[in-house]
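Student: This is the structure, below, for whatever I ask next.
The values are calculated or read from the model by the stated rules, or taken from the named source; none is laboratory data. Computed from a predicted structure; not experimentally measured. Ideal geometry is used to build each Cβ from the backbone, glycine not excepted, and the neighbour counts take in all protein chains shown. Accessible surface is based on the protein model in full, side chains and every heavy atom, while ligands, DNA and RNA are left aside. Shrake-Rupley method; radii C 1.70, N 1.55, O 1.52, S 1.80 Å.
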Amino acid sequence: MSDTLIASLVELIRRTSTILPADVVRAVEAAKGTEESGTNAAYALDVIGCNIGLAKDKSQPLCQDTGSILFYVHTPVGYDQIAFEEAAIAAVKQATAKGYLRQNSVDSITGANTGDNVGPGFPDMHFHQWRRDEVEVVLMLKGGGCENVGATYTLPNPKLGGRDLKGVENAILDCVLNAQGQGCGPGILGVGIGGDRVSGMACAKSQLLRALDDTNIDPVLAELEATVVRKANQSGIGPMGFGGKTTLLGCKVGKLNRVPASYFVSISYMCWAFRRQGVVLGADAGITRWLY
Amino acid sequence: MAVIQLQTPLTEAVARSLKVGDTVEITGRLYTGRDAAHHRLHHGEKPPVDLGGAIIYHCGPVMVKEGDRWVCRAAGPTTSSREEPYQWEVMRDHGIRGVIGKGGMGPKTLDGCQKYGCVYLHAIGGAAQVCAERITRVDGVDWMDLGSPEAIWHLWAERFPCIVTMDSHGGSLHKEVLAASTKAIEAMRA
């Protein structure tokens, strides 16, 4: 196991847990301008702004719920994924001991906490090969509050509509309505249309890896993303569910083919403390570039 | 916005004087307690601390041991709605006067606040450093067998900032925003 790789991954975890990525900071800053001063919404965004600065300055977790630990790794063909996973596990243990991660890995039957963030599903590894000769590692830390308010809808739905864009839009807005207050808003949505119950939600989560200010290459989905954000922000839910104009900072939608019988809309809700960062590793496993 | 200074333990009169929309800062003891601790209390286990007049904080902090002392590295609120089945009982049986959390709670808790004289205080979710800065000491811990995030931590707070979002007069900001936003989103469905 490479010590350099472990050190690179500990630094990736530290930075992900303590520094909000620049695209998210810009979105939070922009939201501040839209809320009236003296309101609970403006207060919430002010505190969020302070928190972003404090976490960075003190190198301490933005949020105490450092969440599920999701690694998305692209490797050259023939790269040793088993060795990488062992290094990731070692890095997670170190980062937990240093207080960059909370002890979050709990046995689902006994309730026993492993104390080091390792166990079945911890960390959660997603490997992909590509034809490039470098290794890219993206890490997402996703807290339980926002994960709990994600949802999978099946269309048609008597209340929300049929298997068309309007039905999809209504399903997404229903999720936003139900999430209010609980997944710390303003939120960011990753949405997967189609697929099955696993691949649809995987697609939804992977949408969260896109830069917040990008534009969907599919013009139909780009329009859906914009419509959802505009309507959610007219709902009056606001930051923390306090009421206000900023309910979502973004919505990212992908699609997969489906079998004729199924039509899933899978929604992964991310809180404002949107902790994702990535690195490109050099031949010695040292960090050569940051992605966000 | 005038900030109301609160000192724990709270009296019933102070808890009942607070109204939805009040901005407060709390100084004194806070006890963390979340899912597993509430579950235990619900099953009749005696609390390890005196909860009379106390404020329970729905929080699973990041704690690191430095030498023989615990240091709080991050301590924002967790989602309160998971304690909705239990919270009113803790008000009735143990006399807590305040609950800090996020996202608000439902009708059982609101009813409990009215009956027993308690108030729900909303901290800003995700703002773990703003909150941790106001936790100046960690004085002890109980029920560590539940795991660190679920244990009852004895925190000392200095001017811990919150907004009152549910009061003892039946007021709930969460109820209001839910009703208005449901109407707005239903109108968008057509």
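Student: Restricting attention to strands (runs of 3 or more DSSP E) lying wholly within the range A:92-202, give those where 3 or more residues are β-branched (Val, Ile, Thr) and over 25 Å from A:Thr75 (Cβ atoms).
Tutor: It comes to A:187-193.
Student: Right, something else. Please give the helices (runs of 4 or more DSSP H) falling wholly within the range B:1-94 in which 3 or more residues are open to solvent by 30 Å² or more (accessible area, probe 1.4 Å) and basic (Lys, Arg).
Tutor: Here the list is empty.
Student: Go through (1) of a type in the set (Gly, Ala, Ser); (2) within 10 Å of chain A (Cβ to nearest Cβ); (3) not in a helix (DSSP H, G or I) for B:Ala180 and report which single condition fails.
Tutor: Unmet condition: (3).
Student: Working carefully through the options A:Thr114, A:Thr96, A:Thr75, find the one that is surrounded by 15 or more Cβ atoms within 10 Å (Cβ to Cβ), facing chain B (nearest Cβ under 10 Å) and under 21 Å from A:Ile287 (Cβ atoms).
Tutor: Details: A:Thr114 fails: under 21 Å from A:Ile287 (Cβ atoms); A:Thr75 fails: facing chain B (nearest Cβ under 10 Å).
Just one listed residue meets the conditions, A:Thr96.
Student: Can you find even one residue in the range B:148-157 that is more than 15 Å from the chain's Cα centre (by Cα), surrounded by fewer than 21 Cβ atoms within 10 Å (Cβ to Cβ) and more than 10 Å from chain A (Cβ to nearest Cβ)?
Tutor: Checked against the condition, which is being more than 15 Å from the chain's Cα centre (by Cα), surrounded by fewer than 21 Cβ atoms within 10 Å (Cβ to Cβ) and more than 10 Å from chain A (Cβ to nearest Cβ), the range B:148-157 yields no hits at all.
Student: Residues to consider are A:Ala41, A:Ala30; find the one that is surrounded by 15 or more Cβ atoms within 10 Å (Cβ to Cβ) and out of contact with any His (no Cβ under 8 Å at 6 or more places or on another chain).
Tutor: None of the other options fit; the residue is A:Ala41.
Student: Looking only at residues in the range A:236-292 that are in contact (Cβ under 8 Å) with a residue 12 or more places away in the chain and charged (D, E, K, R), which one is farthest from A:Thr152 (Cα to Cα)?
Tutor: Looking at residues that are in contact (Cβ under 8 Å) with a residue 12 or more places away in the chain and charged (D, E, K, R), I get A:Asp284.
Student: Counting just the residues of the range A:203-234 that are of a type in the set (S, T, N, Q) and in a loop (DSSP other than H, G, I, E, B), which one comes out nearest to the other protein chains (Cβ to nearest Cβ)?
Tutor: So the residue we want is A:Gln234.
Student: Step by step: first the residues of the range A:159-183, then only those that are open to solvent by less than 10 Å² (accessible area, probe 1.4 Å), in contact with a Gly (Cβ under 6 Å, 6 or more places away or on another chain) and closer than 19 Å to A:Met240 by Cβ, then the one that is nearest to the other protein chains (Cβ to nearest Cβ). Which residue is that?
Tutor: The qualifying residue nearest to the other protein chains (Cβ to nearest Cβ) is A:Gly181.
Student: Within the range A:10-38, work out how many residues are of a type in the set (Ser, Thr, Tyr) and within 13 Å of A:Leu101 (Cβ to Cβ).
Tutor: 3
Student: Hey, can you tell me all the residues within the range A:223-248 that are over 13 Å from B:Ser181 (Cβ atoms) and open to solvent by 30 Å² or more (accessible area, probe 1.4 Å)?
Tutor: A:Glu223, A:Ala226, A:Val229, A:Arg230
Student: Further, regarding this structure: Picking from A:Thr154, A:Thr96, which residue would you name as being polar (S, T, N, Q), farther than 17 Å from A:Arg275 by Cβ and at pLDDT 95 or above? Spell out the reasoning first.
Tutor: Numbers: A:Thr96 fails: farther than 17 Å from A:Arg275 by Cβ.
Within the list A:Thr154, A:Thr96, the selection yields A:Thr154.
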